[in-house]
Structure formats: C-alpha cells, structure tokens
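Please treat every number below as a calculation from the coordinates, not as lab data. Given the structure is predicted, the values throughout are model-derived calculations rather than measurements. Reconstructed Cβ throughout: ideal geometry from the backbone, glycine too, with neighbour counts over all protein chains shown.
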Amino acid sequence: MTRTAKMIRPAHYIDRRGHDLFYEFEHGRYPAVLAIGFCYLNMVKYERRAGKKTIDPSEDLAKARTYFAEYERLLYLKAIGEIHDQGLDLALSYDNFKRRKEIYLKRLDRIEEDIKRGRTVR
C-alpha cells in the first residue's frame, strides 16, 4: 500500500475482520450511491482544503486523487452490477427514524463505554 493510501486507509479504520470502508463499499455493504457520494464529497473536500490547512498542499491533493480513484472504481462496479443501491430507501427515509436514532445513539454510547474500559471496539 502506498504512503497516500495509508493516510486514507490507516489501521485504525480497519474492523475486526480486517476490512476498511473502501473494502465494504467495493463489496456492496452500503448502497452504491452513498459509497460513491462519500468518495466524491471527500475528493472535493480535500481539493478545496489544499493549501489552506497546511502550507504544503501535496498531502491533501494526494488524498483527493486517492478518493477520486476509489470514486472511479465504485462507478465502474455499479455500472457492471457488482454493487447496488439495496438499502438506500431505508438510509434516506425519515419513517421510523425516531427508533433508528435511539438504536444508533445507544450504539455510540456502547462504543464510548467500551473505549473507556479498554475493550476492543467494532
């Protein structure tokens, strides 16, 4: 893995199965349009941030290029039917959101407690 890829895909983003978000995007764990949008917005973020957060823009531009490459890969995987938008309706629906919010916030509390107690998270 290149230095730039390690900046974006560091070990602390890997779950207990050894997978990071890019892996999960490429294997259809999330709706394709959300995964593609995530990469697109991150490449735009790093492009706009270049030279503003740090004097040397090279790291931000390298990150933008890496997200662009993943964006291109996900577009291709969607075009050939390898990834899909299954689950998108739920992700974008406000129906039953109160219950989903409750579940999510409890999950965050559980993660925080695990970290404080020194337990492995995720």
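In terms of other Cβ atoms within 10 Å, Tyr46, Tyr76 run from fewest to most in the order Tyr76, Tyr46.
Label separation (Leu108 vs Arg29): 2.0 nm, computed from points 7 Å beyond Cα along the C-beta direction.
Could you list Phe97, Phe68 so that the one with the fewest beta carbons within 10 Å of its beta carbon is first and the one with the most is last?
Working: Phe97 10, Phe68 17.
If I rank by nearby Cβ atoms, fewest first, I get Phe97, Phe68.
If you plug the beta carbon distance of Glu72 and His19 into 1/(1 + (r/R0)^6) with R0 = 22 Å, you get a FRET efficiency near 0.60. Measuring spread by the Cα atoms of the chain yields a radius of gyration and Dmax of 16.8, 46 Å. Taking Cβ atoms as reference points and 15 Å as the exclusive limit, the residues near Ala32 contribute a net charge of -4, counting Lys and Arg as +1 and Asp and Glu as -1.
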